[in-house]
Amino acid sequence: MLKLIGKWLNIYEDEIGLFMWSMILLFLIRSSGIIFNNFAETAFLKRFGVEYLPIVYMLNSITTFIIMGVIAGVMARLPGVRLLSYLLVFCGTSVAGLRFLIPFGFDLLYPLLFEILLGLLFWNLANDLFNTRQSKRLFPLITAGGVLGDIIGSFGTPIMARIISMDNLLLIYLGITMLGAITVKGLGSRFPTILLSDKRTITAKKSKSRTGIIEEIKKIIPLIKESTLVKILILLTFLPN
């Protein structure tokens, strides 16, 4: 059956296992993220109203920028498999911990409950898993698994909220992120050459001189001036906002 599906989707036989594990991992990340985001926005709107939502989005963007800068530094020191599994466990346990603080009515609690981005680490890991030719064929299919996670998570949120109550969605988030961490561990043990690749990449990064975030931004500015593609990508990033 898998061979037939692989032939139909133009996936080679030796790629099917890695492809399935990667697609399942993205499915878990995206489905947990949409459930968490649906809860956070609903809870925030019910408690504070829509007028404060733009401020929260602004603060969330600034916080995400800072966190991504920190994670980028950590990525140079830890293998992608290990870092992603650690972050999944951290996100799940921290959000589940917030579930038990909700009854105390902290006013700043709901603005903090917004989606924790894990996509950057997933695609960083996928970049190590697949070469350029494989990525052109497989990344759209892997992304389809993430889209399926968004759809199922969106449709499943109201059903789960009616069954277990709205606040307990955070415990569902914990369960899905734990499944994601287990999937990452299984991915690393099933394909141990990934870990070897990660170690070589980290060794190469450590051999280079470290640059701060300001220096990295200075390198991007000339690229923006020269590349039309970069300008288009930046525009596409800003349009949804």
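A compact table of results
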{"quantity": "3J(HN,Hα) from dihedral phi, segment 78-84, Karplus parametrisation 6.51/-1.76/1.60, rounded to Hz, x for glycine, proline", "calculated": "10, x, x, 4, 5, 5, 5"}
{"quantity": "Pair Ile163, Arg77: separation of 7 Å Cα→Cβ label points (nm)", "calculated": "4.2 nm"}
{"quantity": "Cα pair distances in segment 1-86, grouped into 5 Å bins until the bin that holds the longest one, percent each", "calculated": "3, 11, 12, 14, 15, 13, 12, 9, 7, 4, 1"}
{"quantity": "Under 11 Å from the Phe90 label point (7 Å along Cα→beta-carbon), backbone N, segment 38-74", "calculated": "67-68, 70-74"}
{"quantity": "Accessible surface ranking that places the most exposed of Ser94, Ser189, Ser85 first, with a 1.4 angstrom probe", "calculated": "Ser189, Ser94, Ser85"}
{"quantity": "Alpha-carbon centroid distance for the pair segment 137-159 / segment 1-65, whole angstrom", "calculated": "7 Å"}
{"quantity": "Phi to ³J(HN,Hα) by Karplus 6.51 cos²θ - 1.76 cosθ + 1.60 over segment 30-44, Hz, x for Gly, Pro", "calculated": "6, 5, 5, x, 6, 5, 5, 5, 4, 4, 4, 5, 5, 5, 5"}
{"quantity": "Per-residue HN-Hα couplings for segment 173-181 [Karplus 6.51, -1.76, 1.60; θ = phi - 60°; Hz; x = Gly/Pro]", "calculated": "4, 4, x, 5, 5, 5, 4, x, 5"}
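The values are calculated or read from the model by the stated rules, or taken from the named source; none is laboratory data. Because the structure is predicted, anything quoted here is derived from the model rather than measured. Every residue, glycine as well, gets a Cβ built from its backbone with ideal geometry; the counts of neighbours run over all protein chains shown. These accessible areas exclude ligands, DNA and RNA; they are computed on the full protein's heavy atoms, side chains included. Shrake-Rupley method; radii C 1.70, N 1.55, O 1.52, S 1.80 Å.
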